[in-house]
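A.B. asks: Quick one: structure below, then a few questions.
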């Protein structure tokens with residue numbers, strides 16, 4: 001019998017923990033909580049949660065440090081939930097392995113949607129068939145290096161395909177400029193962001209119905225990009 005997904009919430013505000021536990025339990029999740037980073041890391045190791053909701057401001061250590069520590073041994077989805085809303089904080093958390101970032105105060109429906117996406121992505125990543133990814137009307141065949149819309153193949157350059165394949169392999173996750181530049185081109189220099197924008201623009205012209213209103217490759221302002229898959 002399938003168990004309800006287990007969520008670990010790491011937050012040093014007891015009232016936030018109580019509210020999230022009540023809401024998420026009502027939405028058929030199992031919940032465990034931790035009031036600081038050290039306790040959260042221990043819970044993550046012992047309980048092996050399906051997803052982690054992490055505050056950045058903890059009493060004993062920074063949440064980004066917690067995220068970095070977890071990423072040394074686990075790929076569990078991590079959603080950061082924090083009052084810190086600067087681009088710098090978002091980029092730092094995502095660069096250290098967070099999958100998503102929500103700013104307090106937040107809408108519970110949006111949080112639930114982000115949790116569903118993270119769990120779906122995690123479950124897909126554990127599956128055996130990872131070669132084909134659907135995004136809107138686009139099908140990306142990673143193994144065969146083919147991109148199609150319906151029965152029509154879309155021609156991409158080698159670099160365009162490498163960029164698209166990286167975004168598709170991390171579908172529904174926010175990927176920062178630095179991570180994309182490092183993984184696709186091998187350099188993380190932030191003065192190359194305009195170079196990345198040019199390639200994103202080229203991909204949008206080939207993939208999007210309306211490149212000016214993209215529905216597949218979405219911009220996270222000041223942070224990076226997210227490829228939106230379909231269920």
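The values are calculated or read from the model by the stated rules, or taken from the named source; none is laboratory data. Keep in mind that this is a model prediction, so the values were computed, not measured. Quick reminder, even Gly has a Cβ in these numbers, built from the backbone with ideal geometry, and neighbours come from all protein chains shown.
A.B. asks: Would you pick out the residues in segment 150-162 that are touching a residue at least 24 places away in the same chain (Cβ under 8 Å) and either closer than 16 Å to residue 216 by Cβ or not assigned by TED's automatic domain parsing to the domain that holds residue 205 (or both)?
C.D. replies: Within segment 150-162, 154, 156, 160 qualify.
A.B. asks: Here's another thing I want to ask about it. Which of (1) outside any helix (DSSP H, G or I); (2) surrounded by 15 or more Cβ atoms within 10 Å (Cβ to Cβ); (3) without any contact (Cβ under 8 Å) to a residue 60 or more places away in the chain is the odd one out, the single condition residue 3 does not satisfy?
C.D. replies: (2)
A.B. asks: From the list 105, 49, exactly one residue is surrounded by 13 or more Cβ atoms within 10 Å (Cβ to Cβ) and closer than 26 Å to residue 228 by Cβ. Which is it?
C.D. replies: 49
A.B. asks: On to the next question. In this structure, does residue 178 turn out to be assigned to a loop (DSSP other than H, G, I, E, B) and either under 26 Å from residue 79 (Cα atoms) or not assigned by TED's automatic domain parsing to the domain that holds residue 114 (or both)?
C.D. replies: no
A.B. asks: Does segment 130-144 include one or more residues that are farther than 16 Å from residue 171 by Cβ, outside any loop (DSSP other than H, G, I, E, B) and at pLDDT 85 or above?
C.D. replies: no
A.B. asks: Do we have residue 166 as under 26 Å from residue 78 (Cα atoms) and not in a strand (DSSP E or B) here?
C.D. replies: So residue 166 fits the description; yes.
A.B. asks: Given the criterion surrounded by 13 or more Cβ atoms within 10 Å (Cβ to Cβ) and farther than 25 Å from residue 210 by Cα, identify the matching residue among 122, 169, 137, 131.
C.D. replies: It is 122.
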